[in-house]
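Below: one structure, written as structure tokens.
The values are calculated or read from the model by the stated rules, or taken from the named source; none is laboratory data. Here the structure is a predicted model, which means the values were calculated and not measured. Glycine also receives a Cβ, built like all others from the backbone with ideal geometry; neighbour counts cover every protein chain displayed. Only protein heavy atoms, including side chains, enter the accessible area calculation; ligands, DNA and RNA are left aside. Shrake-Rupley method; radii C 1.70, N 1.55, O 1.52, S 1.80 Å.
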Protein chains: 2
Amino acid sequence: LQKNSIANQIKAIVGQEHFFDSYEDRLCYSYDATIEEALPEWIAMPGSVEEIARLMALANEEVFPVYPRGAGTGLSGGSVPLKGGLAMVLTRLNRIREINQEDLYAVVETGVITSDLHEQVEALGLMYPPDPSSMKVTTMGGNVAENAGGLRGLKYGVTKDYVLALEVVTPTGQVIRVGSKCVKSVSGYDLTRLFVGSEGTLGIITEITVKLLPAPQHKESMMAIFDDMNMAAKAVADIIKSGVIPATLEFMDHTSINAVEDFKKIGLPRDAQAILLLETDGVEAAAKQEAEKIIAVCKANRARDVKIAATEQEKLQIWEARRACLSALARVRPNTILEDATVPRSKIPQMVRGVTDIANKYGIHIGNFGHAGDGNLHPTILTDLRNTEERQRVQKAIDEIFALALSLGGTLTGEHGIGTTKAKYLEKEFGSEALAVMRAIKMALDPHNILNPGKIFIADSASV
Amino acid sequence: LQKNSIANQIKAIVGQEHFFDSYEDRLCYSYDATIEEALPEWIAMPGSVEEIARLMALANEEVFPVYPRGAGTGLSGGSVPLKGGLAMVLTRLNRIREINQEDLYAVVETGVITSDLHEQVEALGLMYPPDPSSMKVTTMGGNVAENAGGLRGLKYGVTKDYVLALEVVTPTGQVIRVGSKCVKSVSGYDLTRLFVGSEGTLGIITEITVKLLPAPQHKESMMAIFDDMNMAAKAVADIIKSGVIPATLEFMDHTSINAVEDFKKIGLPRDAQAILLLETDGVEAAAKQEAEKIIAVCKANRARDVKIAATEQEKLQIWEARRACLSALARVRPNTILEDATVPRSKIPQMVRGVTDIANKYGIHIGNFGHAGDGNLHPTILTDLRNTEERQRVQKAIDEIFALALSLGGTLTGEHGIGTTKAKYLEKEFGSEALAVMRAIKMALDPHNILNPGKIFIADSASV
């Protein structure tokens, strides 16, 4: 009865046509791109910040959990409605409100698809650097909530480096504006950055102001082919040491190369142990000079060959290969578990060797690819979770991968977030006192623990 | 008696030789670079993070305020011991612990002087970009607490963009480590960025890990001379629109030019209405090509002349002129009040005209200089505060300057912080609900309100 009453109140706020609660609808919003899943009780698609604020006020009154959600492409369980309640789908808020060419910023609603923003700013000779592999599907709000990265992170940074200001609905239903359109501001606490990467646990992001850059004049794209994984890893460190920070410095191992080639047939070298995919950009002379330096470093590290993309088509193929990694690996076996443990870049050789050892120890398949330049690897476990015995081996392997990353001075997640999948490791990274500070902030902002509960922190019934 | 007992306990923690409470000593730690001042009860110079943690535990037990302090060069009252208590001077923690050339980071203690870090990393071909004008005196901990900017902010960003990880003593005396040496991490809430710019109110920063960059190969420095202030302001916007982001794009008005020339006699054009000081950097060909573009834009905006620094000596002179602005203006009259209201860069012409109008309206002297490229001006009021009537006019002018900045979509402070001097305007920038979120965080971390009380928030007796 109480549930019926809540459903009716939600309907009254968003309208009948934006409310769903059939089993089929609930199934559709029960999962993201991890293996986590849980059914929401109701789904609402609010059409305005006012509706969102009213929904949060209702949730506080009736005390039910709210799970904000963009496109559901998350890789850490961030939007999975772990405790039922309301899945709040934000895709109707999808207008690009302003692109300011003088002050180099854009204002977008939370549901804008990332690559739609790319297209619009690029048409004006500008650039919004963050480019997660899922950018043709993901929403800007999801990117901000999870602090999404992408291929250009090495030179240009990730989402957090571009968010200037936010409009946020707090867990208690207030609409606040934080940050500034000015590129410099140190006015009050940096709430903007607190909300970025807070995985929907501290507030619902409704509008985002991002910094733009002038688009680079010129790009050079390259593929360096290695017969020895260790030499590829060493080349990564040597490129940075040579004083060049490429826009992109990506890595694919033998398994990933072959999975992509099976899927896309674009002529990758199937026998290579590793390839590096690189891009330099900027003023043409600078991009070319940096490309030459990179080629020299790769050859000094026994690259078998370094191919420069001669045409726009060839450039696109290189990046298509990289972006297809996850989809390609996902075809190999029924389940794919993509991790993003990250280490200081000098530790990449040790990390790659360690992951290989762990895969061998537990007899499981792990493909390795990722953002080598910034130490952000994506060990991808190919498995069949219906096999309970294999599932246990997979879990042990994952535990060891994270322990290895932390022992190398790394972090649990470079760009996917903690979500549900890594919550149990968080205390190992920061210690109980730092975790207590995070919990204190969560409790201060969300006293009823109704916004995306069960994420980041290990849930217990009594507290956050 | 109770005060004596506290003094003895502080002494027992830091040692007799690092404790001071004579009137003369208290006077020395009663002010910063603003006109704010207040006497601390005691001064302690702890020598380790353990001593700092013990001092905070004591402060919680006995409930007295603690005011952490670096070099005291702050421009918003951030370190002034407004409510007495303990001035905690952090300059003994001054070791550079590590410079990692492979992973491009440095680990420094809080009291390291910023330009000492510059020298050491530059000797290795690396760069730590933040370069506040006070960098030969300021401490890294102070830079982090206030999120200091500098001349290279336009292309390279400010302190917050380089802080990877922190060791912090919380207001309740726990030692925590936040952030990661990895350039990418989205593990838990971004506490690092919450502490950066929190002005010593949320924790005492004891160790800082900063990101480094490879030093640019080449630099070009220029001075563009304008007879018309509006054309100089328009040139700033046009340079950015042309697709060039210079490393530095600084501005000095007629008053600042003449004050610096009186002081330093380096041959600045005394009759000019404004000069722009510019630097491009990077690969040599790129830096030169960008410099040419800038010159063309300045000439199209009726620059009378654009001088390129031909020698290292000439380059240094340009930047010496800019860094001398505050000291030079401070010589003109007994008191100097330096503000840093910031606007989106396209609003600079309006802001400069508005500040001039306000100066005329109230019959006061205001010099204008600053980081034009990022909209961060430093209107500098030259006054004599012994004159009560003038003091009132000055206060009205300041109120109007901030109201103007906010009305242009600006922010109260680009790089100096809110401190005591701008606390009363903060609600105007963000509204009461966002301010309530900031207060809730402060209360969650510092329940007794003993760490740097009276800053950022307007103090009242009952709450933060």
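Values computed for the structure shown
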read-out: Length-normalised contact order for chain A - Cα pairs under 8 Å, 6+ apart - percent; value: 15 percent
read-out: Largest-first ordering by accessible area, 1.4 Å probe, given options A:Ser198, A:Ser5; value: A:Ser5, A:Ser198
read-out: Dipole axis of the protein assembly as shown (+1 Lys, Arg; -1 Asp, Glu on Cβ), positive-most option in B:Thr114, A:Val80, B:Thr192; value: B:Thr114
read-out: Size of charge dipole - segment B:55-142 - debye, nearest 20, with Cβ of Lys, Arg +1 and Asp, Glu -1, no other charges; value: 420 debye
read-out: Signed unit charges on C-beta, dipole axis of segment B:65-131, positive-most listed residue B:Ala123, B:Asn100, B:Tyr67; value: B:Tyr67
read-out: Value of D in µm² per second that Stokes-Einstein yields for segment B:197-238, Kirkwood Rh from Cα pairs, at 20 °C (1.002 mPa s); value: 138 µm²/s
read-out: Kirkwood-based Rg to Rh ratio, chain B, C-alpha trace; value: 0.97
read-out: Occluded residues from segment B:265-309, i.e. those whose accessible area drops by 40 Å² or more once the chain is not alone (1.4 Å probe); value: B:Val283, B:Gln289
read-out: Accessible area, probe 1.4 Å, largest first, for residues B:Lys442, B:Lys181; value: B:Lys181, B:Lys442
read-out: Crossing angle, helix B:254-264 versus chain B [Cα axis fit, 0-90 degrees, rounded to tens]; value: 70 degrees
read-out: In Å², nearest 10: area of B:Cys182 left accessible to a 1.4 Å probe; value: 0 Å²
read-out: Square roots of five times the Cα gyration tensor eigenvalues for segment B:412-457, Å; value: 18, 14, 8
read-out: Surface per residue (accessible, 1.4 Å probe) for segment B:164-262, Å²; value: 22 Å²
read-out: Cα gyration tensor shape for segment B:317-422, rounded if a/c is under 1.5, else prolate or oblate; value: oblate
read-out: Members of A:Lys442/B:Lys155; A:Lys299/A:Lys428; A:Lys361/A:Lys424; A:Lys234/A:Lys307; B:Lys307/B:Lys396; A:Lys83/A:Lys428 lying beyond 30 Å, as alpha-carbon distances in this model show; value: A:Lys442/B:Lys155; A:Lys299/A:Lys428; B:Lys307/B:Lys396
read-out: Segment B:195-303: proportion of alpha-carbon pairs further apart than 19 angstrom, %; value: 56 percent
read-out: All aspartates and glutamates inside 20 Å of A:Lys265 as judged from Cα atoms, apart from same-chain residues fewer than 8 positions distant; value: A:Glu250, A:Asp253, A:Asp305, A:Glu312, A:Glu314, A:Glu320
read-out: Only Lys, Arg (+1) and Asp, Glu (-1) charged, at Cβ; chain B dipole about Cα centre in debye; value: 700 debye
read-out: Accessible solvent surface per residue of segment B:118-161, calculated while the other protein chains remain in place, 1.4 angstrom probe, Å²; value: 31 Å²
read-out: Positive-pole candidate from B:Ala44, B:Thr209, B:Ala300, dipole of chain B, charges at beta carbon; value: B:Ala300
read-out: Three-way shape label, segment B:79-170, alpha-carbon gyration tensor, a/c 1.5; value: prolate
read-out: Probe 1.4 Å, all protein chains present, accessible-area order of A:Asp357, A:Asp116, largest first; value: A:Asp357, A:Asp116
read-out: Carbon + sulfur, % of accessible area of chain A - ligands and nucleic acids excluded, 1.4 Å; value: 49 percent
read-out: Contact surface B-A: accessible area buried, both sides summed, square angstrom, 1.4 angstrom probe; value: 6200 Å²
read-out: Shielded residues, segment A:341-384 - accessible-area loss of 30 Å² or more between chain alone and all protein chains, probe 1.4 Å; value: A:Pro344, A:Arg345, A:Ser346, A:Asp374
read-out: Helix B:432-445 axis, angle to chain B major axis (alpha carbon atoms, nearest 10°); value: 40 degrees
read-out: Shape metrics for segment B:341-391, restricted to C-alpha atoms - Rg then Dmax, Å; value: 12.2, 38
read-out: Calculated log₁₀ intensity ratio I(q)/I(0) where the Debye formula runs over C-alpha points of segment A:287-371, q = 0.14, 0.15, 0.19, 0.22 Å⁻¹; value: -0.74, -0.84, -1.15, -1.24
read-out: Shape of segment A:1-118, Cα gyration tensor, a/c cut at 1.5; value: oblate
read-out: Segment B:35-111, relative contact order [Cα under 8 Å, separation at least 6], %; value: 36 percent
read-out: C-alpha long axis of helix A:284-300 to longest principal axis of chain A, angle in °; value: 70 degrees
read-out: Alpha carbon centroid spacing (whole Å) that separates segment A:387-464 from segment A:88-125; value: 32 Å
read-out: Lys, Arg +1 and Asp, Glu -1 on Cβ, resulting dipole of segment B:262-392 about Cα centre, debye, nearest 20; value: 340 debye
read-out: Occluded residues from segment B:185-207, i.e. those whose accessible area drops by 40 Å² or more once the chain is not alone (1.4 Å probe); value: B:Ser185, B:Val186, B:Ser187, B:Gly188, B:Tyr189, B:Asp190, B:Leu191, B:Arg193, B:Leu194
